[in-house]
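Report on one structure; see the data block that follows.
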Amino acid sequence: MAEEHDEIQQTTKGELSRRELLKRAGLGAAVLGVSGSAGASKAFAFAGPHRYTGRYLKNELKIMQWVHFVPDYDKWLDSTYIVQWGQKNDTQVIMDHVNNTELPARAAAEIAAQSGHDLFQFLSPPSAYQNQTIPLDDAVQEVTKKRGKMTGVAYRSTYNPRTKHYFGFPDNYVPDPVVWRHDLWNDVGESPATWDHVLKASSKLKNGGHPIGIGMSNELDSNMANFAIMLCFGSQIQNADGQIVINSKQTRDYLNFMKSLYQQGLTNEIFGWNPASNNQFLISGKGSMILNAVSATRTPEDLKLPFSDDLWIWPIPKGPGGRMGLEHVMGVYVIWKFSKQKQLAKKFLIDQQLAYRDHFVQSKFYNFPGWLNGVPGGFKTIRKLTAADQHKPKGKYSILSTIAERYTTNAGHPGFSNAAIGEIFDTFLIPQMAAEVAQGKLSAADAAKQADKQFKTILKKWKDRKLV
Amino acid sequence: MNAFAHGLKRNGPAWLIVGPFAIVLAFPFYWMVITAFKETTNLYDLTKFPFWWSGGLPQTTANVSDLFHHTDYVKWLENTAFVGVVVVAITLVLAMPAGYALARLSGRWGQGMGVGIFLTYLVPPTLLFLPLSRVVSTLHLHDSLWSLVLVYPSFTVPFATWLLMGFFKTIPQELEDAAMMDGCSRIKALTRVVFPISLPGILTVVIFSFSLVVNEFVYAITFISSSSNRMLSVGVPTELIRGDLVLWGAIMAATLIPAIPLALLYNAFLNRFIAGFTGGAFR
Amino acid sequence: MPKPRRARRFADLFEQRRFLAPALIAPAVLFIALLVGGPFVLAIYLSFTDATAGSLTGHWVGLHNFIAEWDNQIFRRALWNTFLFTVVSQVIVLFAAGILAHALIRPFRGKWFLRFLILLPWAAPISLGAIGWLWIFDSLYSVVNWTLVHTHTVGAACAVFRIDGCSALNPPQWLGNATLAKVSIITVHTWRIIPFATVIFLAGIASIPNEVHDAAAVDGATGLRKFWYVSLPLQIPIATVALLFGIVFTATDMTVTYVLTHGGPFNSSHVITTWAFNTGIESGSLGEGAAVSLYLLPVLAFVAVGMLVFARRAEVT
């Protein structure tokens, strides 16, 4: 601190030292670029991207990503992390945030415009955009050199076996535990260890006025839950070679299970859910179990709800096909072909992954790094960090590392998250299938057959476009 | 009959007819007021009476203050107001002459053109926004409010042209002819006689064009990326919905704050515009 | 002093209908042609290609997108829903706005306040209004359901809409039941278009010159007869325009359905605009999305032209 003081003393009136300039530039960039900063600039911004003229920093890097569920994470990211990185790399980093549902529209617009941000973050593998982005093999190798292998979910979410390139950089993923009310389940003498247990408990819980909630709507949580339960029953959309294998006994078992679950233990509200609904279901005190990321436990903690200490986090219940869950979101970055800062963007990605311990902590354990050792020490360190969380029951978050390590995989497992899987995901065809069977509109066998036909058409379409 | 009964007889039927509609249409706004001042834990509590605040009085101003202090809400309001005013001005400049021409001067092909202008409405912005974003970036207007100022008239002008055409048609030709016989050129007749009389129509166009600007969503979200440049209809859903946490109270407050003044403004305009018709040249 | 010959000729030019009309229309037409026409042509081109993501080029596939979509059940349902939502909501709007406009034309005490309440839905940005309704129809916290449960009328509501398994413990899901989702979407469309249509109808009624009223009085036409034979015909042109715009705003709207149901439950409430968006943008099959969007065009154009011709014929000059 003393040396800074000296430097400022040394400058004459009206002249700023380079350090001071950089500091101000960084602050300026942060202030102007940060979303949610109140009263940041009163002037109408007519000029476009170069709001701050960047006279003092050589480069400019523009990043677009989602509005993180944890506001403090975005605050830290925008006013600390990118500022420091920018100073170290002589770059003004402009970070824009947008709602995760609006990312596809923005991406399409930037592609059409052939201009926009350099780095663009998606929350699911952006396999449909491969023709518009540069392969990121070198960035991936760079990190792998320093941190070892990436996780399986990261690999299958960003690698295209046909082109043999990584079309995205798997920065982070979010594990999807089951969040349940220990007190309510205790009352009925059960726990969600297996889906069978869940089914048995569901009617008792429902009769007690505290049903469980598994969505079957056109939204993200329903997608995640249903993809995951399918895997627990051994039902797969595609095999490791990318062929559609949905029409199977396991799929029928899964669908029949969902039907029984609905009849015995679910209420009609699950058909009309939006992404916030299952959280609200839990927050109201009514819900006794949901499948969701830890945002479901953090909000009750923040609101100091009386039952927040009774919310336990467990891995997804085991099914006849094993125990496997999906990532809640998969943070994948791409660099557009039209970017003029490709090298710098790659450096940003590499540096961010290497510094992932801070990101992991600042996001309150929401973001898990794409690489096994993204947080140095790997899952051992992660377990230690999560166990240190003070919320009761103490150590409850440590299970997250087990879930992330063993029970989290990508959509399209055991195959890759390719563009066909992406379309099936984006058009909510799996929750649709489950809902139609649950409500008796289709038999399980017919639904599986129909899905088979639908998915094969979709796969062929993307194969013809040479993206799969 | 005493004064009260007399008043009831005169006003009663109107209230009976309009009242139910007003209640149904305005109920969501009542609901927004209640929600905006409710505490979050109260909001999520299923046992509480929802139509009022438990405890009798508004519970918290935290939602509103969060809106003003932790987001760029004020900027969004300013941006929307700015774009609205400029786009309305452009719309009037383009649509008034066009509406007049279609109403008076053109024959059959004019009708065709009128219909053609209207048909542009049928092309959804969810399709147009892609090529348009290329136009916007070529003109270096990306992330600038001027991109919206450029593009919005594309849907306000057809609508305004049609409305004005309808209004100009109701003005008798004799008025202009009289003015021209007195020595005015056609252009002078336009500006000195026709436009002033069609003030009510112009006001209607102002109201509707402004509301179209405020409502627009697709272009606003694709052309603008930074928070401080956002429009109201985009900023609120984008920043007050954080993943799976929806800040209902703040969103309701954010909706009420522009809606009430705008409704008051439209209401005031309506008075002028109806007075303009019943007073004025038709005696 | 007479104007010099050159200036006079120039001024005369403006007097010429043939010159003046195009001169006045040109700016508007040029503007629209550039901003809408160009992109529109490009969009048509895209629908014949296999373009993906946001790419503005692709391989030519002819009519494949149009045919493939027709085979898709969700698309066919979307087409039907668009038609259903638009017609039902606009019929309700027509009646409601007609009644309201007539009731509001004469002064009465408190009219200003009631009119303010009626204008509110139009004054709120539709994206925000729809989010407000999302909360009103929420799966758990719906104030509608709260009212039904606490006035013990849940059973009646369930019976009216013929919902199975519906009770006080399992109240109607306004966004989660296929039928109710449609009802909810139609409700929001109607809610926001009524003020709009009412104002236009008011304009229409107010624009009837006083001479007409006087003439009608002289002829002895009053009350209902006057309404049917005099007022109504005069209002038809402007009412048609109002209805037409209402139809266009509803049929081309994406926001309401997107915010309320995102096309659910199980993709049963999609309309053309949301399905086009889901296909073209969210799933990345841009050419297909463009094709879906374009399906709407001929239908709307046909309706629009039809109504405009009707309006012109019905004009009383």
**Message:** Going by Cα centres, the stretch A:295-313 and the stretch C:16-50 are how many Å apart?
**Reply:** 57
**Request:** Give, as ranges by residue number, the residues of the stretch A:66-108 whose backbone N falls under 20 Å from the point 7 Å along Cα→Cβ of residue A:145.
**Result:** A:89
**Item:** Over 26 Å (Cα to Cα) - which of A:304/B:48; A:206/A:384; A:441/A:461; A:149/A:342 fall in this group
**Value:** A:206/A:384; A:441/A:461
**Request:** Would you mind ranking A:461, A:75, A:394 so that the residue whose beta carbon has the fewest other beta carbons within 10 Å leads the list?
**Result:** A:394, A:75, A:461
**Message:** Below 8 Å, C-alpha to C-alpha, sequence gap of six or more: please give me the relative contact order for chain C in percent.
**Reply:** 28
**Prompt:** What FRET efficiency would be calculated for the residue pair residue C:307, residue C:229, taking the C-beta separation as r and a Förster radius of 22 Å, to the nearest 0.05?
**Reply:** 0.45
**Cα-projected label distance for residue A:260 with residue A:138, points at 7 Å along beta-carbon direction, nm** = 5.6
**Asked** What's the average, rounded to a whole number, of partner chain beta-carbon atoms within 10 Å of each residue's beta-carbon in A:457-465?
**Response** 3
**Complete:** Going through A:145/A:347; A:259/A:364; A:62/A:88; A:347/A:466; A:340/A:466 one by one, the pairs whose alpha carbons sit over 24 Å apart turn out to be A:259/A:364; A:347/A:466; A:340/A:466
**Fill in**
With label points set 7 Å from each Cα along the Cα-to-Cβ direction at residue B:139 and residue A:394, the distance between them in nm comes to 6.4
**Message:** Can you tell me, using C-alpha contacts under 8 Å and at least 6 residues apart, the relative contact order of chain A as a whole percent?
**Reply:** 22
**Complete:** Classified through the alpha carbon gyration tensor (a ≥ b ≥ c as square roots of its eigenvalues; rounded if a/c is under 1.5, else prolate when a/b is larger than b/c, else oblate), the stretch A:291-376 comes out prolate
**Request:** For n ≥ 4 DSSP H runs only, could you compute -39500 (n - 2.57) per run for chain A, divide by its residues and tell me the 222 nm figure to the nearest 500?
**Result:** -13500 deg cm²/dmol
**Request:** Kindly identify chain B as rounded, prolate or oblate by the Cα gyration tensor criterion: order the square roots of the eigenvalues as a ≥ b ≥ c, call it rounded if a/c is under 1.5, otherwise compare a/b with b/c, prolate if a/b is larger, else oblate.
**Result:** oblate
**Asked** For the peptides B:203-216, C:152-165, what is the packing order when you average, over each peptide's residues, the other Cβ atoms within 10 Å and list the highest mean first?
**Response** B:203-216, C:152-165
**Asked** Which length gain, in nm to one decimal place, applies between residue C:299 and residue C:23 when the Cα-Cα distance is subtracted from 0.36 nm times their residue separation?
**Response** 96.1 nm
**Request:** May I ask for the net charge around residue C:284, where only other residues with Cβ less than 13 Å from the Cβ of residue C:284 are counted and Lys, Arg are +1 while Asp, Glu are -1?
**Result:** -3
**Message:** Taking the beta-carbon count within 10 Å as an exposure proxy, list A:462, A:180, B:52 from fewest neighbours to most.
**Reply:** B:52, A:462, A:180
**Peptide C:254-262, shielding by other chains (average Cβ, 10 Å cutoff)** = 4
**Prompt:** When a footprinting reagent is the concern and you count Cβ atoms within 10 Å, what order do A:452, B:244 take, fewest first?
**Reply:** A:452, B:244
**Asked** Where does the charge balance sit around residue A:78 when Lys and Arg score +1, Asp and Glu -1, over other residues with C-beta under 12 Å from its C-beta?
**Response** -2
**Fill in**
Taking B:17-28, A:366-377 and ranking on average Cβ neighbours within 10 Å, highest first, one gets A:366-377, B:17-28
**Prompt:** Summing -39500 (n - 2.57) over the DSSP H runs of n ≥ 4 in chain B and dividing by its residue number, what mean residue ellipticity at 222 nm do you reach, to the nearest 500 deg cm²/dmol?
**Reply:** -23000 deg cm²/dmol
**Complete:** Quick note, the protein assembly as shown: a/c under 1.5 would make it rounded; otherwise a/b > b/c is prolate and the rest oblate (a ≥ b ≥ c, C-alpha gyration tensor); here it is prolate
**Fill in**
Zone reached by a paramagnetic label modelled 7 Å from residue A:164 Cα along Cα→Cβ, restricted to the stretch A:405-423 with backbone N below 19 Å, covers A:416
**Message:** Just to confirm a number: summing +1 for Lys and Arg and -1 for Asp and Glu over residues other than residue B:268 whose beta-carbon lies under 15 angstrom from that of residue B:268, what do you get?
**Reply:** +3
**Request:** Measure out, as a whole number of angstrom, how far apart the alpha-carbon centroids of the stretch C:232-269 and the stretch A:144-208 sit.
**Result:** 41
**Computed label-point distance, nm, for sites residue C:112 and residue B:60 using a 7 Å Cα→Cβ extension** = 3.7
**Asked** Are there cysteines in the protein assembly as shown with no second cysteine's Cβ under 4.7 Å away, and if so, which?
**Response** A:232, B:184
**Fill in**
The rounded separation in angstrom of the Cα centers of the stretch C:92-159 and the stretch B:106-166 is 32
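Laboratory data are not the source of any read-out in this text; all were calculated from the coordinates shown. Note that the structure is a prediction, hence the values are computed from the model and not measured. Here Cβ is always computed from backbone atoms with ideal geometry, including for glycine, and neighbour counts include all displayed protein chains.
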